[in-house]
Amino acid sequence: MTHKTGPRIKEMYITPIAIVDPPLLNAAGLHAPYALRTVVELVTEDGISGISEIPGNKDIDIALEASRALLIGKDVFQLNQIRHVLEGHFGTETAAQRGEAPWDQRKLVHIFSAVEVACMDIIGKITERPVVDLLGGKMRDHVPFSAYLFYKFEGAGGELGFNIDPNATGWAAARQASALNPAEIVTQAKAMCKEFGFQSIKLKGGAFEPRQEVDAIIALREAFGPDVPLRLDPNALWTVETAIKYGKEMEPILEYLEDPVRGQANMALVRKALKTPLATNMCTTSFDDIPNSIAVGSEDIILSDHHFWGGLRSSMTLAGICETFGRGLSMHSNSHLGISLAAMVHLGAALPSMKYVLDTHYPWQSDEIIMGGRLKFEEGSVAVPQGPGLGVELDREALAKLHQNYLACGLTKRDDEIEMQKVVPGWKFQSVRW
Ligand code: GKR
Ligand code: MG
């Protein structure tokens, strides 16, 4: 097939949006009423559009704006050149720039991801193949996810904030309820698993002292039995001593313990002391981190994330590294909509093996920006979208509405500490707390 006008980038649209997010608790504080995302659309000279979604942050949006001039005129198939040009302009980032928060604060990885996914969406449309085929092809038709539980204050988020919609039913009602103790966590888990059919459960920890969170895991085990794998993620807030003490107590019931402690050296100490596998999206988060990860043995499972590892193809490279060095691979998530979920599903479908089902925050969101509305889960899995490229199209009306939310809400970057201080004055993030 030849393209007379060539698949060259003619336009780049960068749209920050704000999506309703309930008051979820984590190690860094509290989620704001809106989570920020940025939607990128590239359009070729012959009018083919490709889309992507990344975590929202004004600095990243400014950098994306600065990349526009570098991208216009580029052939979407030349992804290696595109990356080279972006690196030439922005320089490289070190692992240290990731920061101490549970999420990644680098810029360049997000830009690579935004540009690469949108280009691959276009390549898929041109070649009439789904993105999964561009990653080497499908290993599975349905990609399984885990329930992702959060401690939370009562509230629906968005305009309602800490209030609730009394007319909500089912999961939409359960999502508004408070979850501040093990019994409420079990109630949340039952409602989420009923709605989405999840067959594994992750609890976001680091919100309460470890005894309470370990008791929640024990309560989940009692409620769901031994066939439902359980994971706990304190986001590196525990000391080595705490992690070993509670890790040993949970040894018989945890599938894996995620980032109990901060840094590869501490993770390696805990890993030597426990039989439970350790997973991370905090200590081994870039290719620069891999040599030391292997040298010290900091984790058993790396939680990939195409937004943080620089795109889908980089995530496949990571999968190869994990295979070579005997690491498991799963997937990390942050608050997101359907463009990200579609990309996660294409990647998940291409992964050589799927021992550990993937994370997603999707049940916590109610907004959507893709035509046809929210993607469906069946028995905890999402079917690989059928169409070419990502297989999802932008709903421009919904995008415009969520962009208005962004302008109205006044948030420009995620800061869970500030949100928590609105509820608990003087509350401070501590990189290690218990
Ligand atoms: O959404 O509060 C959250 C999570 O804490 C998120 O920011 C983390 O990056 O899900 C993440 C994790 O697994 O650490
Ligand atoms: Mg984590």
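Restricted to strands (runs of 3 or more DSSP E) entirely inside region 263-340, those with at least 2 residues that are small (Gly, Ala, Ser) and at pLDDT 95 or above are 328-331. The set of residues in region 239-291 that are within 14 Å of ligand 2 (Cβ to nearest atom) and on the phi > 0 side of the Ramachandran plot contains only 259. Suppose the filter is more than 30 Å from residue 220 (Cα to Cα), free of Cβ contacts under 8 Å to residues at least 60 places away in the same chain and within 16 Å of ligand 1 (Cβ to nearest atom); does residue 315 pass it? Considered against the rule, which asks whether it is more than 30 Å from residue 220 (Cα to Cα), free of Cβ contacts under 8 Å to residues at least 60 places away in the same chain and within 16 Å of ligand 1 (Cβ to nearest atom), residue 315 comes out as yes. Of the residues making up region 320-340, those that are touching a helix residue (DSSP H, G or I) at 6+ places or on another chain (Cβ under 9 Å) and more than 22 Å from residue 361 (Cα to Cα) are 321, 325, 327. Annotation: of all residues in region 291-315 being touching a strand residue (DSSP E or B) at 6+ places or on another chain (Cβ under 9 Å) and of a type in the set (A, V, I, L, M), the one that is farthest from residue 116 (Cα to Cα) is 301. Here region 113-137 is the region considered, the condition is being outside any helix (DSSP H, G or I) and touching a Pro at 6+ places or on another chain (Cβ under 8 Å), and the residue that is surrounded by the fewest Cβ atoms within 10 Å (Cβ to Cβ) is 128. Pairs only if they're at least six apart or on different chains, beta carbon under 8 angstrom, first in region 348-361 and within 16 Å of ligand 2 (Cβ to nearest atom), second among the β-branched types (Val, Ile, Thr) and not in a loop (DSSP other than H, G, I, E, B); list them, first residue then second. Filtered contacts from region 348-361: 356/301; 358/143.
For region 224-248, residues that are closer than 20 Å to residue 357 by Cα and away from ligand 1 (no atom under 16 Å from the Cβ) total 5.
It is to be established whether one or more residues within region 206-228 are within 21 Å of the chain's Cα centre (by Cα) and within 16 Å of ligand 2 (Cβ to nearest atom). Yes, the conditions are met somewhere in region 206-228.
Within region 234-262, the set of residues being in a loop (DSSP other than H, G, I, E, B), free of Cβ contacts under 8 Å to residues at least 60 places away in the same chain and surrounded by fewer than 20 Cβ atoms within 10 Å (Cβ to Cβ) comprises 251, 252, 253.
The set of residues in region 363-373 that are more than 16 Å from ligand 2 (Cβ to nearest atom) and either outside any strand (DSSP E or B) or more than 19 Å from residue 39 (Cβ to Cβ) (or both) comprises 363, 365, 366, 367, 368, 369, 371, 372, 373.
Yes/no matrix, rows are residues, columns are (1) within 16 Å of ligand 1 (Cβ to nearest atom); (2) crowded, with 16+ Cβ neighbours inside 10 Å; (3) acidic (Asp, Glu); (4) free of Cβ contacts under 8 Å to residues at least 24 places away in the same chain:
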{"site": "13", "(1), (2), (3), (4)": "no, no, no, no"}
{"site": "16", "(1), (2), (3), (4)": "no, yes, no, no"}
{"site": "47", "(1), (2), (3), (4)": "no, no, no, yes"}
{"site": "80", "(1), (2), (3), (4)": "no, no, no, yes"}
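It is to be established whether one or more residues within region 249-257 are of a type in the set (Asp, Glu) and either within 14 Å of ligand 1 (Cβ to nearest atom) or over 21 Å from residue 209 (Cβ atoms) (or both). Yes: one or more hits. Screening the candidates 376, 355 for the property of being under 19 Å from the mean Cα position of the chain (by Cα) and within 30 Å of residue 238 (Cα to Cα) yields one hit, 355. State the number of residues belonging to region 185-218 that are outside any loop (DSSP other than H, G, I, E, B) and surrounded by fewer than 17 Cβ atoms within 10 Å (Cβ to Cβ). Qualifying residue count, region 185-218: 8. Taken together, 166, 144 contain a single residue that is touching a Leu at 6+ places or on another chain (Cβ under 8 Å) and at pLDDT 95 or above, which is 144. One residue is enough: does region 370-382 have a residue meeting the conditions touching a Gly at 6+ places or on another chain (Cβ under 7 Å), among the acidic types (Asp, Glu) and more than 23 Å from residue 171 (Cβ to Cβ)? Checked region 370-382: no residue is touching a Gly at 6+ places or on another chain (Cβ under 7 Å), among the acidic types (Asp, Glu) and more than 23 Å from residue 171 (Cβ to Cβ). Total residues in region 157-183 satisfying the condition of being of a type in the set (Gly, Ala, Ser), outside any helix (DSSP H, G or I) and over 24 Å from residue 212 (Cβ atoms): the figure is 2.
Applying the condition of being in contact with a strand residue (DSSP E or B) (Cβ under 8 Å, 6 or more places away or on another chain) and within 16 Å of ligand 2 (Cβ to nearest atom) to region 61-103 and asking which residue is nearest to residue 287 (Cα to Cα) yields 103. Take the conditions (1) surrounded by fewer than 16 Cβ atoms within 10 Å (Cβ to Cβ); (2) closer than 28 Å to residue 280 by Cβ; residue 414 misses just one of them, which is (1). Just the residues that are in a strand (DSSP E or B), of a type outside the set (Val, Ile, Thr) and closer than 19 Å to residue 368 by Cβ, please, taken from region 7-23. 13, 16, 18 - these are the residues of region 7-23 that are in a strand (DSSP E or B), of a type outside the set (Val, Ile, Thr) and closer than 19 Å to residue 368 by Cβ. Within region 24-43, the set of residues being surrounded by 23 or more Cβ atoms within 10 Å (Cβ to Cβ) and touching a Ser or Thr at 6+ places or on another chain (Cβ under 8 Å) comprises 31, 35, 36, 37, 39, 40, 42. Within region 50-60, the set of residues being in a helix (DSSP H, G or I) and crowded, with 24+ Cβ neighbours inside 10 Å comprises just one member, 60.
The values are calculated or read from the model by the stated rules, or taken from the named source; none is laboratory data. Predicted model, so just to flag it, every value in this text is computed and none were measured. Virtual Cβ from ideal backbone geometry, glycine too; neighbours counted across all protein chains shown.
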